[in-house]
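Just so it is clear, none of the values below were taken in a lab; they were calculated from the coordinates. Every value quoted in this text rests on a predicted model; they were computed, and no experiment measured them. Glycine gets a Cβ as well: all are built from the backbone with ideal geometry, and neighbour counts include every protein chain shown.
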Amino acid sequence: MIARGAGGPFGGPQGPYLLVILLLVLAFLNGSLAAPILGVIRNPTERNIVMFAGFIVAIVVGITVHEFMHAYTAHRLGDDTGRVMGRMSLNPLAHLDVFGSLLLVLAGFGYGKPVPVNESRLQGGRTSWAFVALAGPMANFAIAALCALPVRFGGADLLGGTYFSILESIVLYNCVLGLFNLIPIPPLDGSRVVYALLPPRQAYSWRTFEGYGPLVLMAIFFFGFRYLNAIVFEPAIAIARYLLGA
């Protein structure tokens, strides 16, 4: 998830579109444009097609359940904003952003529609906000654990290799989504947890940097990828292997 905050260089109604254009340009310059689909275009074998299909299924399921849990948890804690706006739904169309989804397919990174949360309506204030934020990543880890069961105990073999590969993709990419969203950089969910733990004055200062979070994330993605690999991808692979029993 990216364009969640207001203000900063990507605030306003055109902000997400400018962000998408900038991300596409940077992805092109970085040579990572069309990364997930590149294997299918260059070598449309059955294996590459299955891997790409697994990526799509994993991302759609991961984003949908992730955002649904934000809305559901906020609803349970007193804020019905997400429910009223139709976000407490397991329909992917309620949560997938057109440009963010296109970016995921073309460049391997993107965003979904953030669930709106009215902090003033939450019972428990900023503490409840932390629970709302954590609900999304925890849902991704729960999906990964659930989908790993048929693979770990041999049930996936009954339906063939395609089913097995797609389940593995769901497990891996949901581990990635869960860990990535726990990074404490606005507007990712980890920043909401930090916000809830800070004293009021420091929390206010933290919120003022929210609009600049996408710039920081892009800088990490393009210039500090080894750090992102160390804190997200390598641990995600380790967790996925543990869950899958590999």
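For Trp206, Trp129, what ranking results if the residue with the fewest other Cβ atoms within 10 Å of its Cβ goes first?
Ascending number of Cβ neighbours within 10 Å: Trp206, Trp129.
Let me know the whole percent of all Cα-Cα pairs from the range 96-221 that are separated by more than 22 Å.
47
Under the Karplus relation 6.51 cos²θ - 1.76 cosθ + 1.60, θ = phi - 60°, what is the ordered set of whole-Hz ³J(HN,Hα) values for the range 82-89, x standing for Gly and Pro?
With the stated coefficients, the range 82-89 comes to x, 5, 4, 8, x, 8, 8, 9 Hz.
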